[in-house]
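The values are calculated or read from the model by the stated rules, or taken from the named source; none is laboratory data. Note that the coordinates shown come from a computational prediction; the quantities given were computed from them, not determined experimentally. Ideal geometry is used to build each Cβ from the backbone, glycine not excepted, and the neighbour counts take in all protein chains shown.
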Amino acid sequence: MHKNSAIAEQLRQTAYFMWEQDGRPEGQAMAYWLRAKEALVRQFAYDRWLAGGAPPDQAELFWTEAERDLDEN
C-alpha cells in the first residue's frame, strides 16, 4: 500500500478503468495495477519535465525521479 492515499486511489481508479475498458478479464489485477503505475510514472515524469523547462537532454532524469518518488509513496 502506498503512504500517499491520493496516489494509491489514483492508481486504483486508473487500473479499474483500464480493466473495464478491456472487458473485465479475470485474474489480471496485478497486470492492470502495473499498467496503471506505469501510466502514472509517465504522467509525473512528463509534468515535471515540462515544469523544468522541457530540457531535451534531461528527460531520463525526470523519468527516474518520478519512478523513485512513486515507489516511495
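Let's see how each residue does on (1) over 10 Å from the mean Cα position of the chain (by Cα); (2) hydrophobic (A, V, I, L, M, F, W, C); (3) surrounded by 13 or more Cβ atoms within 10 Å (Cβ to Cβ):
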| position | (1), (2), (3) |
| --- | --- |
| GLN13 | yes, no, no |
| GLY27 | yes, no, no |
| ALA31 | yes, yes, yes |
| ALA51 | yes, yes, no |
| ASP57 | yes, no, no |
| ARG68 | yes, no, no |
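Here the condition is being modelled with pLDDT under 90 and assigned to a helix (DSSP H, G or I); of ASP71, ASP57, it holds for ASP71 alone. Just one residue in the set TRP63, TRP33, TRP19 is assigned to a helix (DSSP H, G or I) and at pLDDT below 85; that residue is TRP63. Here GLN43 does not qualify as exposed (fewer than 12 other Cβ atoms within 10 Å of the Cβ) and either among the polar types (S, T, N, Q) or under 11 Å from the mean Cα position of the chain (by Cα) (or both).
Restricting attention to the stretch 56-73, the residues that are within 20 Å of GLU9 (Cα to Cα) and of a type outside the set (Lys, Arg) total 7. Scanning the stretch 24-55 for residues that are free of Cβ contacts under 8 Å to residues at least 12 places away in the same chain and of a type in the set (Gly, Ala, Ser), which turns out nearest to GLN10 (Cα to Cα)? Looking at residues that are free of Cβ contacts under 8 Å to residues at least 12 places away in the same chain and of a type in the set (Gly, Ala, Ser), I get ALA31.
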